[in-house]
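Read-outs throughout are calculated quantities, based only on the coordinates presented, and are distinct from any laboratory measurement. Given the structure is predicted, the values throughout are model-derived calculations rather than measurements. Cβ sites come from the backbone with ideal geometry, for glycine too, and all protein chains shown count toward neighbours.
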Amino acid sequence: MCLGEFIEAKVYCCTGGTHIANDRKNLKEGVHIVVGTPGRVVDMMKRKILLTEHLKMMIFDEADEMLSRGFED
């Protein structure tokens, strides 16, 4: 059994190339952890589908790569 299963954490993967309607539905149902590509995560935040009012932590892997590709804003 994985730790996530033991504590019943709801995880959703939010990446580009998928239907936004699926993201909207799954995020509206509520999740504890969102894993996603920076572009899709920012898009979901701008569309107010991924709400950040209760966000406690955001982790970016390979942030140097993002900055070198235009994610400076």
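The orientation-averaged projection of the convex hull spanning the C-alpha atoms of region 3-68 amounts to 5.3 square nanometres. Helix 20-29 axis versus longest C-alpha principal axis of the chain: approximately 40°, rounded to the nearest ten.
For the chain, a crude dipole built from +1 on the beta carbon of Lys and Arg and -1 on the beta carbon of Asp and Glu, taken about the Cα centre, is about 480 debye to the nearest 20.
Shown is the FRET efficiency for residue 51 and residue 3, computed with R0 = 25 Å from the Cβ-Cβ distance and rounded to the nearest 0.05: 0.50. For the chain, adding -39500 (n - 2.57) for each run of n ≥ 4 DSSP H residues and dividing by the number of residues yields -10000 deg cm²/dmol at 222 nm. Model label sites at residue 58 and residue 27, defined 7 Å from Cα along the beta-carbon direction, differ in position by 1.1 nm. Annotation: the residues 2, 13, sorted from fewest to most other C-beta atoms within 10 Å of their own C-beta, follow the order 2, 13. For the pair residue 13 and residue 65, the difference between a 0.36 nm per residue extended length and the Cα-Cα distance amounts to 16.7 nm. Computed over the chain with a Gaussian network model linking Cα atoms closer than 10 Å, the most mobile of 52, 37, 15 is 52.
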